């Protein structure tokens, strides 16, 4: 699937991977990119004429449905918007875990439900969900985030089965530590957002369903493919 000449909608583009994805999509020849954020003023860094800045709160079904009624030409939806709260399964505040699920799972699900009917009518369409390497094996200190992303991974697999007959591609993206504000608390070697975005689109253009866009995720993805239990033990420190 080539990006050249395509129209994309990318959520959570005010910074981090989302911002880099918009910039990389343009480099790859996208015809148009709808760049979203809850506050449109946070998108002032986009000046290209084929970038349309859009206000969107994926935690608001009204906001999502309003946008879906307005925009009908989206061929590739990239669900990047997400949040991360810290805490263990027993000690994290329930409201923090609910926040992770509301945005990472339900917000993304509502985006898919709103835009999929239009995307599947396109000659070549795709939905790409930005998950996390902890979708495959969780980490204690980010229990809610890990669980919400694992749920989204399961949803992504279900979506593949449902859309298989339509020809619409469904991609899962499993970043490891990327140099963003979200990962600043992690003392790990981090991949630049530009490099991650470049690898994500390389995966999409080469029809790679499960994309590991950085060195850490590639290494751990291989461990998971061979022995899921080994990755669980690695992440849990057992």
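The values are calculated or read from the model by the stated rules, or taken from the named source; none is laboratory data. Keep in mind the model is a prediction, meaning the values are calculated, not measured. Because the Cβ atoms are built from the backbone with ideal geometry, glycine has one as well, and the counts that use them run over all protein chains shown.
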Among strands (runs of 3 or more DSSP E) entirely within region 1-61, at least 1 residues that are within 18 Å of residue 196 (Cβ to Cβ) and either touching a strand residue (DSSP E or B) at 6+ places or on another chain (Cβ under 9 Å) or at pLDDT 95 or above (or both) occur in 7-10, 32-37
When every residue in region 135-180 that is within 17 Å of residue 223 (Cα to Cα) and over 13 Å from the mean Cα position of the chain (by Cα) is compared, the one surrounded by the fewest Cβ atoms within 10 Å (Cβ to Cβ) is 139
Practice prompt. Would you check if there is a residue in region 196-203 being in contact with a helix residue (DSSP H, G or I) (Cβ under 8 Å, 6 or more places away or on another chain) and either free of Cβ contacts under 8 Å to residues at least 24 places away in the same chain or more than 17 Å from residue 177 (Cα to Cα) (or both)?
Written response: yes
Scanning region 1-31 for residues that are closer than 23 Å to residue 107 by Cα and free of Cβ contacts under 8 Å to residues at least 60 places away in the same chain, the one surrounded by the most Cβ atoms within 10 Å (Cβ to Cβ) turns out to be 22
Could we say that residue 110 is surrounded by 21 or more Cβ atoms within 10 Å (Cβ to Cβ), modelled with pLDDT of 95 or more and on the phi < 0 side of the Ramachandran plot here?
no
